[in-house]
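Following: one structure in structure tokens, then a few remarks.
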Amino acid sequence: MLEVPFHCPSISSREEAYLLQALRECYWGGGRWVERLESHLSHLYGRPAVVVSSGTAALHLALTLLLGEGGGEVIVPTWTFTATASEVVHAGGVPVLADVGASLHLTAETLEPLLTPRTRGIIVMHYAGEAAPMEELVELCQQKGLWLLEDTCHAVPAYYRGQLCGTFGAAATLSFHATKPIAAGQGGAIFFADALLAEQAQQLRQHGIRRPPEAPWLYEVEALGYNYMLSDFQAAVALAQAERLSETWQARRHLAEVYQEALADLPSLSLYPVREAAASGWHLFPVFWRGASVGQRDALIRRMRARGFALSLHYKPLHLHAAYRPYVRPGQTFPQAERAYAEIFSLPLWPDLTPTKAHQLAEALRQELATLTR
Ligand SMILES: Cc1ncc(COP(=O)(O)O)c(C=O)c1O
């Protein structure tokens, strides 16, 4: 048993009570609790929320609606989880992988050379809970007539110059995967700037069916949709988590401060740059081992895991995975992502992890780094 797993969701009596209530109600398949969750999220984001079965389903539906019939190219950072790019393909588009800047986000500089007449939009991912450089990205999209989709799975809540991440683009997606700031096992949500697209997404997530309110048994399949509805059990847990978000965010932020202090005197490490502590989502705590190779970094993670401390990796860039090789353009290079890939690892950062455990982890890291660099 690992002493410190990479993640463990925080549950309180609220999650337990909501889940039990949902269990005792006669409709389990996405009813009252999904509506309550949507209303809570809509209030937070100021846009209609469409709750779905995963962050991947959210990306798929959002991209299906943004791309429409026409397909086309979508620029995606190579520094992200596979779903950000795979769903472009599943929605009928072509992902174009872009290198990232020093904060591991897409920037105007890294994506501009990749624009073609076929480019339809860009997906920005707010890595680790830190907002991407939204001003330049929004401006570029406006200039070039492109839509912007925010993969906001890490950034709940996070802000760019006071504005909530997830409210900049034509659409934004969340995940309620077990490791995410709002955890429900699985689940996701989409926010559209255009209320009409939100209505279409609501219909597509339930097989494209429309039910006349006066005769709901007489449904009509108006479009070929999907079964992307979230169950009421998951919605009940997600709602409790969403209502506790500021409490769990505070705990993650505090733990980040503990790590910052405990690791400050390790010259071989540098911490992932955060512009403003109060504006970060504090979803991941990435650390760079400066000058390390992929092999050295992996040895460090392996040794720490053997001691009971589950470090992890976010990410191996997409262009280095077999399935994405066909999407790399001839001669294309990704120097920033490849440098980061060799040096980076993530520390556990979850609300109920105690500062004592975090100190023990930092001490073990200090010892292992000393052994590996001897
Ligand atoms: C950046 C990013 N995008 C998309 C996803 C997909 O979300 P889900 O696992 O809910 O399908 C994840 C989650 O793992 C993620 O980290």
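The values are calculated or read from the model by the stated rules, or taken from the named source; none is laboratory data. None of the values given here were measured: they were computed from a predicted structure. Each accessible area value is taken on the protein alone, full model and side chains, heavy atoms only, with ligands, DNA and RNA left out. Shrake-Rupley method; radii C 1.70, N 1.55, O 1.52, S 1.80 Å.
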Worksheet item: What helices does the chain hold that run 24 Å or longer along their axis, going by alpha-carbon atoms, with a Kyte-Doolittle average of -0.5 or more, using DSSP H for the helix calls?
Response: 355-373
Worksheet, complete the sentence: antiparallel share of DSSP beta bridges within the chain, to nearest 5, in %, is 55 percent
Discussion item. Can you give me the Rg/Rh ratio for the chain, using Cα atoms for both radii and the Kirkwood formula for Rh?
Written reply: 0.98
Discussion item. With every protein chain kept in place and ligands, DNA and RNA left out, what is the accessible area per residue of the chain? Probe 1.4 Å, answer in Å².
Written reply: 43 Å²
Worksheet item: Given H placed 1.01 Å from N in the peptide plane, which residues other than close sequence neighbours of I344 have an amide H under 5 Å from its amide H?
Response: W289
Worksheet item: Can you give the extra length, in nm with one decimal, that the chain gains between A264 and Q142 once fully stretched, where that is 0.36 nm per residue apart less the Cα-Cα distance?
Response: 39.8 nm
Response to the item:
In order over the stretch 311-321: 3J(HN,Hα) from phi, Karplus 6.51/-1.76/1.60, θ = phi - 60°, whole Hz, x for each Gly or Pro, gives 6, 9, 10, 9, 8, 7, x, 4, 5, 8, 8
Fill in: For V94, residues with placed amide H under 5 Å, excluding near neighbours
G72, E73, V74
Fill in: Long-range amide H partners of A178 with built H, under 5 Å
A184, G185
Worksheet item: If you roll a 1.4 Å probe over the chain with all protein chains in place, what percent of the accessible area is carbon or sulfur?
Response: 54 percent
Worksheet, complete the sentence: Rounded to the nearest 10 Å², the 1.4 Å probe accessible area of D194 is 70 Å²
Discussion item. Relative contact order for the chain: what percent, with Cα pairs under 8 Å and sequence separation of 6 or more?
Written reply: 23 percent
Fill in: Mean residue ellipticity (222 nm) of the chain, computed from DSSP H runs ≥ 4 via -39,500 (n - 2.57), nearest 500
-12000 deg cm²/dmol
